[in-house]
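Here's the structure, in structure tokens; my notes come after.
The values are calculated or read from the model by the stated rules, or taken from the named source; none is laboratory data. Being a predicted model, the structure only gives us computed values, none of them experimental. Counting neighbours? That spans all protein chains shown, and the Cβs are built from the backbone with ideal geometry, glycine included. To get the accessible areas, we keep the full protein, side chains included, count just its heavy atoms, and leave off ligands, DNA and RNA. Shrake-Rupley method; radii C 1.70, N 1.55, O 1.52, S 1.80 Å.
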Amino acid sequence: MQNRREFIKTSAAIAAAASIGVQFPSKLMASTDTNWHKSVCRYCGVGCGVMIGESGGKITAIKGDNQNTINNGHLCVKAFYLPKAVHSKTRLLHPMIRKNGKLVETDWEEALDLVAKKFNEIRKAHGGDALAFYGSGQAETEETYMANKLFKGCIGTNNLEGNPRLCMASAVGGYLSSIGADEPVGTYEDFEKTDLFMLVGSNTAEAHPILFERIMRRKNSNPSTKIVIIDPRKTPTDQIADLHLFPKPGYDLALFNAIAYVLVNEGFIDESFIKAHTFIKDNEGQAHDLTSYKEFLNDYTPEKAAAISGVPAADIVKAAKIFGNSKTAMTLWTMGLNQRKRGVWANNLVINLHLITGKIGVPGSDAFSLTGQPNACGGVREGGGLCHILPGHRLVANEAHRKQVAEVWGVPAGNIQPKPGKHTIAMFQGLNDGDIKGIYIMCTNPAHSLPNAAKYWKGLKEQFVVVAESFLPTMTTEYADVVLPAAFWTEKEGVYGCTERRSQYMPGVIEPSGEAKWDAFILRDLAKKMGFEKEFAKYETAEIIWDEYRGLTKGKDMDLMGATYNRLKKVRGLIWPVPTEEHPGTYKRFTDGDPIYDALPAEKKKNRRMYFYGPKAKDGKATIWMRPHADPGEPTDAEYPIALTTGRILEHWHTLTMTGTAPQLNRAAPKAYVEINPVDANKMGIKNKDQVKMETRRGSLNIEARVIDRPAPGTVFVPFHWKETPINVLCSDIFDPGSKEPEYKVAAARITKI
Ligand SMILES: Nc1nc2c(c(=O)[nH]1)N[C@H]1C(S)=C(S)[C@@H](COP(=O)(O)OP(=O)(O)OC[C@H]3O[C@@H](n4cnc5c(=O)[nH]c(N)nc54)[C@H](O)[C@@H]3O)O[C@H]1N2
Ligand SMILES: Nc1nc2c(c(=O)[nH]1)N[C@H]1C(S)=C(S)[C@@H](COP(=O)(O)OP(=O)(O)OC[C@H]3O[C@@H](n4cnc5c(=O)[nH]c(N)nc54)[C@H](O)[C@@H]3O)O[C@H]1N2
Ligand code: SF4
Ligand SMILES: [Mo]
């Protein structure tokens, strides 16, 4: 076990790096001829504003943007090493094709000719559905938009997905079913107004450091602010916790119902809000009244929930009372809730707490999902980058929506198929089965990041795989038949939309490295070679693409008509709905100050303070869901007695292609490990730094043990960043039947000392 001094040292270092966003003095970093450009951080969904320092055609410095209210000039440690990634030796500089088993350099002409020829052959012989696109919440909105038009509009297949399926799909499902609209009601502004942060399945300090810093500041300036954490693991986020509940991974649904039980039975609910603003429904969608909701909750007394979740009943009551007694409350959640077999239900149950207490739609209160990637909200959720949706919160299943989009795209209405395509896991299964014979992968590394990964290497090996990448090699390029060099952040312009509905513009500051090209133009040029010259003729600039997309948002809940490039270049982002160029953007949706709410007829607003007008809402009401507890997909048993959960750490980003280019970050976090609680380690005779063998039903690997009082006994944690220790081979690919998001957060494992 790490000794106490070591532990305090590591925790303090992580805490400091995580929480105190550092502002590097620009003078130390930049020479006098540096040109500074306002942009956005490449990494997480917080969406921090950065100033990029360019000199002599190179990125030479980076600092936080003082004028951006998200981060007020602060950045976390990953962001500071972005310039290293831009100019890394591992940048992919030329198109490559596989010849005799090896990737060899070629030119654009040959590479794109080959892709176009193969894709057209597959389409002709097997139909459009034998092709697929797999994209990313890190791609720009303009890039995903081009892919959408090519695949859904021209090739005529809805097999278009992206990694937000692995990440935010359950949150989307939760928001749509609970409040009728995707994305939060409020914004980060609520952080400075709240009395309680309830952090559920979110390692905020390491995964969203600048938001964590804002939480710390709120607590510092207002010490009565409470912090409650619900997570099977202690993380650096704990340093500010007032109370931490440790449910067994996958067993917290009963716990959320038990918090509701206490709120209902101890008089903390807002009956008039419930009456005016909500439906109460059971799992089958049948309507109920408050009395039958109360009866439902009787199955979830704190004692019963304690037996299921492993959290002491007294702690559940304490958490509920803190929630009930706080005048305002913010619940923040991330992958601990989403990456679950019942991720949508978990989201519903957390949102319930806000609906029954009326702690929503007022300053300082919100059920606020934290987004992982920088543009999962913008490009994919709003831009329609999944197999069942179209740009502007539209659905492929809706005929009018298909027509509207087809018209803007200039393609026959019948081109867009009414049936959703294959979701991510089904798509990679489709490659395994040979139903999908060609795939275009952009800005994501699925051979590394998919759950039960080795299972899906088969299809990648067998089918025609095109990978648009900025770095080489990755686990996915190992399977590629063609690799296309993509311009990286700062080498292209475009828009990112972050967690709080804010769209921000990023300029192209330097020329692309080597022969790299902008992803949107690669897709455009490929489309032309496939025979869609007419359809793609007009896309000469990023602004043309953005403006076409912007037009598709007109009158929608996510109206971006006022967010022109011209305006976005000047301001620090705009929060939709922003219907005109004069409109300042919207702090709270569905209530006073929201232009769509304000325009509603007075009779709709009678006796209420919110009107949930989103695409899935009825009568302006939200829904309180009676969701039962459900076990995770793979409970532990005698054979595999330990719950394996996976996630990320402060210093690294996903599959390491970018943060792995900074020696400083590699030194701080050089390799994978498994965190084991000292209680479990003692039982198994494992000491700190021992090599252990980890096994699940899908595979095994050797890994170093880190004996540390972080995961609760019975749980172990492994970060998924290192390809040398591919923990994803061990992860379960069981997915939520609603959101189709896989359960990365729970697998049954066993560990033995080697
Ligand atoms: N440094 C860094 N930051 C990142 C990223 C990165 O790669 N590196 N990636 C970004 C992306 S795309 C994402 S999606 C976010 C993810 O951000 P987070 O979700 O905060 O990070 P994770 O480490 O995936 O998991 C969060 C927590 O879920 C807990 N958990 C596991 N099982 C359960 C459960 O059953 N119930 C509950 N309540 N909690 C559970 C884990 O113990 C863990 O502490 O981070 C973003 N930010
Ligand atoms: N075990 C485990 N696995 C997980 C998770 C977990 O919690 N546990 N979380 C899941 C989640 S939430 C997520 S979001 C995924 C993330 O998984 P991935 O998306 O697979 O991971 P990244 O490393 O972010 O991959 C982005 C890729 O795009 C490349 N790239 C960067 N910029 C550009 C660009 O401008 N253009 C192009 N074409 N390429 C570019 C990078 O080099 C990199 O290879 O992982 C999922 N996998
Ligand atoms: S918190 Fe996220 S967006 Fe902000 S600097 Fe860090 S990685 Fe970038
Ligand atoms: Mo994510």
Can you name every residue in the stretch 290-327 that is closer than 30 Å to Lys740 by Cβ, assigned to a helix (DSSP H, G or I) and open to solvent by less than 10 Å² (accessible area, probe 1.4 Å)? Tyr293, Leu297, Ala305, Ser309
Complete set of residues in the stretch 29-81 that are more than 15 Å from ligand 3 (Cβ to nearest atom) and closer than 19 Å to Asn375 by Cβ: His37
For the stretch 297-309, which residues satisfy the criterion of being under 17 Å from Leu349 (Cβ atoms) and not charged (D, E, K, R)? Leu297, Asn298, Tyr300, Thr301, Pro302, Ala305, Ala306, Ile308, Ser309
Residue count, the stretch 385-404, condition surrounded by fewer than 24 Cβ atoms within 10 Å (Cβ to Cβ) and either more than 30 Å from Arg608 (Cβ to Cβ) or within 16 Å of ligand 1 (Cβ to nearest atom) (or both), comes to 7
Inside the stretch 120-154, can you point out the residues that are touching an Asp or Glu at 6+ places or on another chain (Cβ under 9 Å), away from ligand 4 (no atom under 16 Å from the Cβ) and among the hydrophobic types (A, V, I, L, M, F, W, C)? Ala130, Ala132, Phe133, Met146, Ala147, Leu150, Cys154
For the stretch 117-171, which positions are within 23 Å of Lys745 (Cβ to Cβ) and away from ligand 1 (no atom under 15 Å from the Cβ)? Tyr134, Glu161
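Residue by residue, here is whether (1) closer than 30 Å to Met51 by Cα; (2) over 28 Å from the mean Cα position of the chain (by Cα) holds:
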residue: Val571; (1), (2): yes, no
residue: Leu574; (1), (2): yes, no
residue: Val578; (1), (2): yes, no
residue: Thr586; (1), (2): yes, no
residue: Asp592; (1), (2): no, yes
residue: Ala599; (1), (2): no, yes
residue: Lys606; (1), (2): no, yes
residue: Tyr611; (1), (2): no, no
Which one of these is buried (at least 19 other Cβ atoms within 10 Å of the Cβ), away from ligand 2 (no atom under 16 Å from the Cβ) and either in contact (Cβ under 8 Å) with a residue 40 or more places away in the chain or assigned to a strand (DSSP E or B) (or both): Ala111, Ala116, Ala61? Ala61
Which numbered condition in (1) more than 16 Å from ligand 4 (Cβ to nearest atom); (2) surrounded by 24 or more Cβ atoms within 10 Å (Cβ to Cβ) is the only one that Arg217 fails? (2)
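Yes/no matrix, rows are residues, columns are (1) more than 18 Å from Pro164 (Cβ to Cβ); (2) open to solvent by less than 10 Å² (accessible area, probe 1.4 Å); (3) away from ligand 2 (no atom under 13 Å from the Cβ):
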position	(1), (2), (3)
Asn415	yes, no, yes
Ile441	no, yes, no
Leu472	yes, no, no
Asp481	yes, no, yes
Ala486	yes, yes, no
Cys498	no, yes, yes
Ser503	no, yes, yes
Take Asn566 and tell me if it is polar (S, T, N, Q) and farther than 27 Å from Gly361 by Cβ. yes
Residue list for the stretch 244-253, filter: assigned to a strand (DSSP E or B) and open to solvent by less than 20 Å² (accessible area, probe 1.4 Å): Leu245
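In the stretch 254-287, which residues are charged (D, E, K, R) and either open to solvent by less than 50 Å² (accessible area, probe 1.4 Å) or under 28 Å from Lys616 (Cβ atoms) (or both)?
The answer is Asp270, Glu271, Lys275, Lys281, Asp282, Glu284.
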Checked the stretch 369-384 for anything within 13 Å of ligand 2 (Cβ to nearest atom), part of a loop (DSSP other than H, G, I, E, B) and open to solvent by less than 10 Å² (accessible area, probe 1.4 Å); matches are Leu370, Thr371, Gln373, Pro374, Asn375
In the stretch 328-368, what residues are within 16 Å of ligand 3 (Cβ to nearest atom) and either hydroxyl-bearing (Ser, Thr, Tyr) or open to solvent by less than 10 Å² (accessible area, probe 1.4 Å) (or both)? Leu332, Thr334, Phe368
Residue ID - farthest from Ile676 (Cα to Cα), chosen from residues in the stretch 714-730 that are in contact with a strand residue (DSSP E or B) (Cβ under 9 Å, 6 or more places away or on another chain) and within 10 Å of ligand 1 (Cβ to nearest atom): Phe720
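Yes/no matrix, rows are residues, columns are (1) away from ligand 4 (no atom under 16 Å from the Cβ); (2) surrounded by fewer than 24 Cβ atoms within 10 Å (Cβ to Cβ); (3) under 30 Å from Met530 (Cβ atoms):
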{"site": "Asn158", "(1), (2), (3)": "yes, no, yes"}
{"site": "Leu211", "(1), (2), (3)": "no, no, no"}
{"site": "Val228", "(1), (2), (3)": "yes, no, no"}
{"site": "Arg233", "(1), (2), (3)": "yes, yes, no"}
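Could you say whether any residue in the stretch 595-608 is more than 16 Å from ligand 4 (Cβ to nearest atom), outside the structural domain of Pro742 (by TED's automatic domain parsing), open to solvent by less than 20 Å² (accessible area, probe 1.4 Å) and touching a residue at least 24 places away in the same chain (Cβ under 8 Å)?
no
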Number of the exception - Met427 against (1) more than 19 Å from Glu382 (Cβ to Cβ); (2) open to solvent by 10 Å² or more (accessible area, probe 1.4 Å); (3) not small (Gly, Ala, Ser): (2)
Candidate set: the stretch 717-754, residues that are aliphatic (A, V, I, L, M) and surrounded by fewer than 20 Cβ atoms within 10 Å (Cβ to Cβ); chosen: the one farthest from Leu656 (Cα to Cα): Ile754
Residues to consider are Lys534, Lys538; find the one that is surrounded by fewer than 23 Cβ atoms within 10 Å (Cβ to Cβ), charged (D, E, K, R) and outside any loop (DSSP other than H, G, I, E, B). Lys534
